[in-house]
Amino acid sequence: MVVTIRPAKPEDGVLAAPLIVDAIDEIANHLTGEEDSEKVLEMLNVLFKGTKNRHSYLNTYVAELDGELAGIMVVYGGDKAEKLDHNLEKWLAAKGAPVPKIEIEARPDEFYIDTICSSRAHRGQGIGTALLNYADVVAKEKGYQKVSLSVEKQKVRARQLYERVGFKFSEPWMIIGEEFDHLVKELH
């Protein structure tokens, strides 16, 4: 089995949206301005097809295994976060949705893994590790020396994976009222 990773295409949104929800849970409700699970998925697909927000296909990489979408990773430079989030806030306001305070999730010198998730059918097959290693490659190509991510305290298995590939605790971090641990990996 060979994992291939490629830049996402707009049409990947239908398959990517459920993985984004799986990774970020109710934060997806805040970022879409929706409560109904079907509407959340629909609006994530709209955001995915857009080009100016954090969950755009332009910031997403897709892992495929045997021709199937097996995982996704949403990444961007911490120095781009404020603009991406401002665009998201404008989109929410334009649709009349509540606009949460969207905190910046990375330092400006970090290449940030906003969302990473393997499909349930492909967990334990190295998809997450492949995506995390690919983030290092993309970060270096874009001139970053650090890769970061934030993990919920209760996601013990995910944190073990992140630490296994070289991430280290940096500091506590609040994201839309929820406490996370911010982890950073120095690239050499």
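The values are calculated or read from the model by the stated rules, or taken from the named source; none is laboratory data. Fair warning: this is a prediction, and the values are worked out from it, not measured in the lab. With ideal geometry, Cβ positions are generated from the backbone for all residues, glycine too; neighbour counts draw on all protein chains shown. Surface accessibility is based on the protein's heavy atoms, side chains included, excluding ligands, DNA and RNA. Shrake-Rupley method; radii C 1.70, N 1.55, O 1.52, S 1.80 Å.
Scanning the stretch 81-99 for residues that are open to solvent by less than 30 Å² (accessible area, probe 1.4 Å) and assigned to a helix (DSSP H, G or I) turns up A81, L84, D85, L88, L92.
Filtered by the rule that a residue be closer than 15 Å to T115 by Cβ, open to solvent by less than 40 Å² (accessible area, probe 1.4 Å) and either free of Cβ contacts under 8 Å to residues at least 60 places away in the same chain or hydroxyl-bearing (S, T, Y) (or both), the stretch 144-181 gives V147, S148, L149, S150, V151, E152, A158, L161, Y162, F180. Only residues that are closer than 19 Å to A16 by Cβ, of a type outside the set (G, A, S) and in a loop (DSSP other than H, G, I, E, B) were counted across the stretch 115-159, and they come to 2.
I102: crowded, with 17+ Cβ neighbours inside 10 Å and at pLDDT 95 or above, yes or no? Against the criterion (crowded, with 17+ Cβ neighbours inside 10 Å and at pLDDT 95 or above), I102 does not qualify.
Collect the residues in the stretch 39-57 that are without any contact (Cβ under 8 Å) to a residue 40 or more places away in the chain and either part of a helix (DSSP H, G or I) or open to solvent by 40 Å² or more (accessible area, probe 1.4 Å) (or both), keeping them in residue-number order. Those that are without any contact (Cβ under 8 Å) to a residue 40 or more places away in the chain and either part of a helix (DSSP H, G or I) or open to solvent by 40 Å² or more (accessible area, probe 1.4 Å) (or both): K39, V40, L41, E42, M43, L44, N45, V46, K49, T51, K52.
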